[in-house]
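All remarks here apply to the structure that follows.
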Amino acid sequence: MFLSEFDRSRRIVKITVAGDTTTEDVSSGLENLRTLLKDVPPGFKLFADLSEVTSMPTSLAPYIGRIMELCGRKRVGLVVRLLPADPAKDIGLAIMSRFHYAPDVPIVNCATTEEAMRHLLDEKSEL
């Protein structure tokens with residue numbers, strides 16, 4: 001599953017990826033995200049909730065890279081990730097971020113929803 005939504009009042013774009021994620025999920029999710037981001041002003045915060053990913057094949061890496069590039073072109077101001085508890089489910093997000101986001105974009109990886117929300121709602125993180 002891949003779902004994207006925009007909280008206009010908080011300027012947070014949320015991407016939720018869960019379950020056994022497939023190429024079809026991420027490919028169609030990328031198109032939905034592209035449409036959603038048309039109305040999002042620069043400086044938004046991105047919350048990527050990957051906590052419920054069961055499996056994500058490495059073949060999805062190019063699509064994840066395109067998502068990062070799309071958000072980068074829209075001038076994302078902060079990226080907060082909620083990662084799966086099992087580190088084996090990481091397909092190299094940290095390395096991919098170095099290639100697909102500008103070096104000045106802060107990226108925070110979190111272990112809990114509470115930690116992620118603290119970063120997302122922190123007024124000092126407003127850009």
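A few points about this structure:
- The residue that is modelled with the highest pLDDT, among those in the range 74-88 that are assigned to a loop (DSSP other than H, G, I, E, B), closer than 13 Å to Val53 by Cα and touching a strand residue (DSSP E or B) at 6+ places or on another chain (Cβ under 8 Å), is Leu83.
- If only residues of the range 41-73 that are of a type in the set (Ser, Thr, Tyr) and part of a strand (DSSP E or B) are counted, the one that is nearest to the chain's Cα centre (by Cα) is Ser51.
- Unique residue being surrounded by 15 or more Cβ atoms within 10 Å (Cβ to Cβ) and either charged (D, E, K, R) or in contact with a Leu (Cβ under 7 Å, 6 or more places away or on another chain) (or both) when the list is Lys38, Lys74: Lys74
- Yes/no for Pro103 being in a helix (DSSP H, G or I), at negative phi and either among the aromatic types (Phe, Trp, Tyr) or more than 12 Å from the chain's Cα centre (by Cα) (or both): no
- Whichever residue in the range 12-49 is in contact with a Lys or Arg (Cβ under 8 Å, 6 or more places away or on another chain) and in contact (Cβ under 8 Å) with a residue 40 or more places away in the chain and, among such residues, is farthest from Ala85 (Cα to Cα): Gly43
- Any hit, the range 17-26, residues being more than 20 Å from Pro106 (Cα to Cα), acidic (Asp, Glu) and outside any helix (DSSP H, G or I): yes
- Residue, modelled with the lowest pLDDT, within the range 89-127, restricted to residues that are exposed (fewer than 14 other Cβ atoms within 10 Å of the Cβ) and among the β-branched types (Val, Ile, Thr): Ile95
The values are calculated or read from the model by the stated rules, or taken from the named source; none is laboratory data. Treat the numbers as computed from the prediction; the structure is a model and nothing was measured. Here Cβ is always computed from backbone atoms with ideal geometry, including for glycine, and neighbour counts include all displayed protein chains.
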